1. Given springs between every Cα pair under 10 Å in a Gaussian network model of chain B, which of B:50, B:336, B:94 has the largest fluctuation?
2. Extending each Cα 7 Å along its Cβ direction at residue B:22 and residue A:238, get the distance between those two points in nm, one decimal.
3. Take every residue in peptide B:165-173, count the Cβ atoms of other chains within 10 Å of its Cβ, and give the average of those counts.
4. If you stretched the chain out fully between residue A:214 and residue A:120, how much longer would it get, using 0.36 nm times the residue separation minus the C-alpha to C-alpha distance?
5. Treat every Asp and Glu Cβ in the stretch B:63-300 as -1 and every Lys and Arg Cβ as +1, leave all other atoms uncharged, and give the resulting dipole magnitude about the Cα centre to the nearest 20 debye.
6. In whole percent, what relative contact order does chain B give with Cα contacts below 8 Å and a gap of six or more residues?
7. Using Cα pairs under 8 angstrom and six or more residues apart, how large is the relative contact order of the stretch A:176-305, in percent?
8. When you count, for each residue, the other Cβ atoms within 10 Å and take the mean per peptide, how do B:12-18, B:304-310 rank with the highest first?
Amino acid sequence: MTLLEAILLTVMTASTPLLIAAIGELVAERAGVLNLGVEGMMIMGAAAGIAVAITTGSSAAGVAAAILAGMALAAVFALLVLGLATNQVAAGLALAIFGLGLSGVLGAPFVGVPRAGIGKIEVPFLSDIPFLGAVLFRQDPFVYASFALVIGVAWFLGRTRAGLVLRACGENAAAAHALGYKVLRIRFLALLFGGGCAGLAGAYLSLVLTPFWTSGMTSGRGWIALAIVVFASWMPWRAVAGAYLFGGVTILQLHAQSAGVPVPPQAMAALPYLITILALVLIMRARSGGSTAPAGLGRPFVPDR
Amino acid sequence: MRLVLEQRPETGFALRLLSPLLAVALALASAAVMFAALGADPLVALHAYFILPLSDSWGLQEVAVKATPLVLISVGLAFCYRAGVWNIGAEGQFLLGAIGGAWLAIATHGAAQGPWLLPAMLIAGAAGGAIFALIPAVLRTRFGASEILTSLMLVYVAELLLDWLVRGPWRDPDGFNMPQTVTFSPAATLPLLAEGGRLNLGTPIALLVVAAAALVAARTLKGFEIRLVGEAPRAAGFAGIDAKRLTWLVFALSGALAGLAGIVEVSGTLRQLQPGLSPGYGFTAIIVAFLGRLNPMGCLVAGVFLAVTFIGGENAQIMLRLPLDATRVFQGLLLFYVLACDTMLLYRVRLLRSAPA
């Protein structure tokens, strides 16, 4: 394996959890709900994933538990913002704080318990293609899942009637409601999808990337996923570019640290966060004020019976 | 069966007072269930959490010491949230305040220090927090970048900056290589107010800030403008209020108060910089602000309550071996309940059994 292949492989492992979490949040936001609790759902997925995987000895059970944990937290959030029409920003913050705390409580018995990660799957024939084969087709199942999710979501939002209805709920909930669509139910399903994706992304962290549990191991990835959605202008394909940009910066700073670049390691570690800010500014500048956000994003909707 | 919300024509005063109390009661009940699930006697755990910290002089002083930063930060955040500006990076502004003030203490350490030093440190702390808070404000007004995300990203940057300072240029040369700065000299330390505890001048400063903020919020034109921009931005625009400058103002104000909290914590309580010097005050203060109904006096009461949970969490960890993260779970739950109960102020919540027409 060449050095370039090795670097690209690590970039993919750093980018995949960001991409999975971002694509889930993207769907929720296209339906008009801003769920700032991605960090909380993600870390609950990481904790539940490794706890179940260690207890049952099955990685698949761990992944399923992670998805369910993310969805459970999303359901709590939905009860607040859809059922009770609370402020979405505040409820999202509460979800992030709650998830960080609960994951610490649940994960406490599993701190430092090592575990074999999930292996890679080689796609027959395709993995023999020089260069591309090694990078794209000798990956763990999560990487394939992330691409399946992007393709599926892009097709769903852009090419299906249900996707159109979901977008209508995000653009103008009152109009969608007047046409007879169940806005709150559609938003609920979108939130569940987002929660499941965040949980899956969390499972990737605790089962593949660093196969053991440490409290607070998401270290802001949930928030970066939120930034990727903005960066992507709420479009699934651009989320891939965003996720790989941020994943690439993370890996770049790790390589620069080990290569002995004469910069304090803390400055390098701050790079992904600074790049996130810079990317947000540049993308807003490029749009020069014209927002591409769903028009109804973050606005509670209360149907008048 | 489904939930139906009906708009209330008006909200009574009793309901406004009742809502946060109900939220606290529900959070306590949920905490009891959580403690039982963790294998502790719920009553013993609740006692350790909420009664023990208030039962002796040392505990009461600690509550005041912990409430001080929470109250200072949350009062500032209340102005932001009232104006519909989402500063969630107070944790970073707190750290920059600590760094800004500590810089003076460290630069003058071992040299001529006078009575001017403490006021200068407080001002430098507030300035550090305010300048750091203006970054997301300007990125918001100039480029339209979401202040939620940028202010949060800057928290991580601030943590790394602090980490670098105490391990690198500001490390105590006689500190056995520990990541910490020199211990501040008495001239750079806020005086203690009582024997046998850590209660210091920071607490009266926080009380003064609450009084001033209550006055500004209720009795001045600026306080009214802040509410107006938050509740009716279009009307505010017609009234000629510059929303851009107001965004800067509330960000700078909340950053200054968070920075003041940071330097008060460092100069009054810790007396040196060290990594992890905040147990998440900046995030807990968000909960304080909402529990206090975005009202300075309310923030005072809510800040004391959440300070109790910090000390109670430590008690429960030592006495009952409950994980420290249980405190965070409680705080998150509390914010859920506060938001849910606030819905009652605007709407009548009804459960309908029949299918919708």
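None of the figures in this text is laboratory data; all of them are computed from the coordinates on show. On a predicted model such as this, the values are computed, not experimentally measured, just so you know. Virtual Cβ from ideal backbone geometry, glycine too; neighbours counted across all protein chains shown.
1. Answer for the Gaussian network model of chain B: B:336.
2. 4.3
3. Counting other chains' Cβ atoms within 10 Å and averaging over B:165-173 gives 1.
4. Taking residue A:214 through residue A:120 to full extension adds about 31.5 nm, to one decimal.
5. Numbers: 15 positive and 11 negative charges, 127 e Å.
My answer is approximately 620 debye.
6. 36
7. Rounded, it is 21 percent for the stretch A:176-305.
8. Sorting B:12-18, B:304-310 by mean packing, highest first, produces B:304-310, B:12-18.
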